[in-house]
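Heads up, the thing below is written out as C-alpha cells.
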Amino acid sequence: MARYTGAVCRLCRREGQKLFLKGERCYTDKCAIARRAYAPGQHGQSRKKPSEYGIQLREKQKARRYYGVLESQFEKYFEMASKQKGITGENLLRILESRLDNVVYRAGFATSRPEARQLVRHGHFTVNGRKVNIPSFLVKEDDVVTIKEKSRSSSKIKDVLESTEGKISSKWLDVNRDTLEAKVLSLATREDIDLPLEEHLIVELYSK
C-alpha cells in the first residue's frame, strides 16, 4: 500500500472529526470539518449506521491517520504492543507516540505530524547527537531530540517555531526553546495522550 497523497482534509471528513493534519488551518474557519461536516463522496450525507466491525475499523483508520502510519506499519506496531506487558491498546498508543515525527510535533518543532515527518526526512534533527532522518524511528527514555545547528537559520524552521510558541507541550517531554532540544523524560502514558481514540476497539478488531 502506497502512502496517501490526496487531499488530507478528506481524511478528516471521512472520520467525522479533526485529525489536525494541516497545522494552523485546522484552527480556522477554513477547516473542512467546519465547512462540510459530513463524509466526502456522492453519498457522504446519507451513510447508514455502521456495524460493530465498521466502528472498530474506523477507529483503527483514525489512529493510522492521526499518526500517518501505513497499514503494514500499524500491524507491526500492534504485534509489538501485544507482546509487551500491560494493556495492549495503551502499549500501541505509547509506541505510536514514540515515533520521531510525533516527538518532533509534540515538542513544538512542527505545526503538524505531516510537517514533522517532512522535516525529519529532510535531515533537520539529531537524536543524541546523531542525525536521524527516519520518521518511524522510535525514541527511548532519556533520548534527546535536537534541531541541527545548520537548520536553525532556515526560514522554515524559524516560521514553525514562531507559530508554535506556547501552543504545544507534553508532560513527558522536557523542551528547551533556547537550545532547541527536547529530552524524553519518560514514554507517554495514556493520560498524556490527548487524542479522542478508543484503543480497545482496535484491539477488538485485531482479535477477531
Please give, to one decimal in nm, the separation of the simple spin-label points placed at ASP159 and ASP142, each 7 Å out from Cα toward the Cβ. 3.9 nm
In the neighborhood of ARG190, defined by Cβ-to-Cβ distances under 9 Å, what is the net charge if each Lys or Arg adds +1 and each Asp or Glu adds -1? -3
Of the listed pairs LYS49/LYS83; LYS62/LYS171; LYS148/LYS171; LYS76/LYS183; LYS131/LYS167; LYS85/LYS208, those with alpha carbons more than 28 Å apart are LYS49/LYS83
In what order do ARG177, ARG65 fall by count of nearby beta-carbon atoms within 10 Å, going from fewest to most? ARG177, ARG65
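Since every read-out is calculated from the coordinates, none of them should be taken as a lab result. Predicted model, so just to flag it, every value in this text is computed and none were measured. We place every Cβ from the backbone using ideal geometry, glycine too, and count neighbours over all the protein chains shown.
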